[in-house]
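The values are calculated or read from the model by the stated rules, or taken from the named source; none is laboratory data. Keep in mind the model is a prediction, meaning the values are calculated, not measured. Note that each Cβ is placed from the backbone with ideal geometry, even for glycine, and that neighbours are counted across all protein chains shown.
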Amino acid sequence: MDIAEVARRSGVPASTLRFYEEKGLVSSIGRQGLRRVFSDSILERLALIALGRAVGFSLDEIARMLGSKGNPTIDRELLVSKADELDRSIQKLKAMRDGLRHAAVCSAPSHMECPKFRRLLGLAAYGAFSDKVKTD
């Protein structure tokens, strides 16, 4: 299928497909006139790339997992590590959400007088949201 059809069916712009090809994530099987032509398996490969991007893998990490021969070799340890990282992100986001919900209904005369909001503010000021967050 040509690049326009791949773009239409996958939702990935042609410019991104060309970029992915430059990075070695996908490869065309030839040309039809001036247009790149891809095998039908490109759609599954693009879905794997989209999944990898959605969970936060870099394009280089995805390229290593996809391999150059068309058969993915997914590093299971890397998957566990990414899952652990997502767990930490979820905990941070929950702490921020809970702090914001508390601030929205806090009975303190001012947010700056609310101990929980001040703790949240302090964590944000010192970059603690990139490490461990505890707002209890």
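Candidates are the residues of the range 54-112 that are under 16 Å from the mean Cα position of the chain (by Cα) and outside any helix (DSSP H, G or I); the one that is nearest to PHE19 (Cα to Cα) is SER58. Restricting attention to the range 86-105, does a residue exist that is modelled with pLDDT of 80 or more, touching a Cys at 6+ places or on another chain (Cβ under 9 Å) and not polar (S, T, N, Q)? Yes: the range 86-105 contains one or more residues that are modelled with pLDDT of 80 or more, touching a Cys at 6+ places or on another chain (Cβ under 9 Å) and not polar (S, T, N, Q). Contact map, the range 113-136: first residue in the same structural domain as ASP98 (by TED's automatic domain parsing) and outside any helix (DSSP H, G or I), second residue modelled with pLDDT of 55 or more and exposed (fewer than 10 other Cβ atoms within 10 Å of the Cβ), Cβ cut-off under 9 Å, separation 6 or more or different chains; pairs are CYS114/SER107.
To keep it simple, each residue is scored yes or no on (1) among the acidic types (Asp, Glu); (2) more than 30 Å from GLY122 (Cβ to Cβ).
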residue: GLU5; (1), (2): yes, yes
residue: VAL12; (1), (2): no, yes
residue: ARG45; (1), (2): no, yes
residue: ARG53; (1), (2): no, yes
residue: ILE62; (1), (2): no, yes
residue: PRO72; (1), (2): no, yes
residue: LYS82; (1), (2): no, no
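For ARG31, the conditions (1) part of a helix (DSSP H, G or I); (2) surrounded by fewer than 16 Cβ atoms within 10 Å (Cβ to Cβ) all hold with the exception of (1).
From the list LEU59, LEU51, LEU46, the lone residue that is in contact (Cβ under 8 Å) with a residue 40 or more places away in the chain and not aromatic (Phe, Trp, Tyr) is LEU46.
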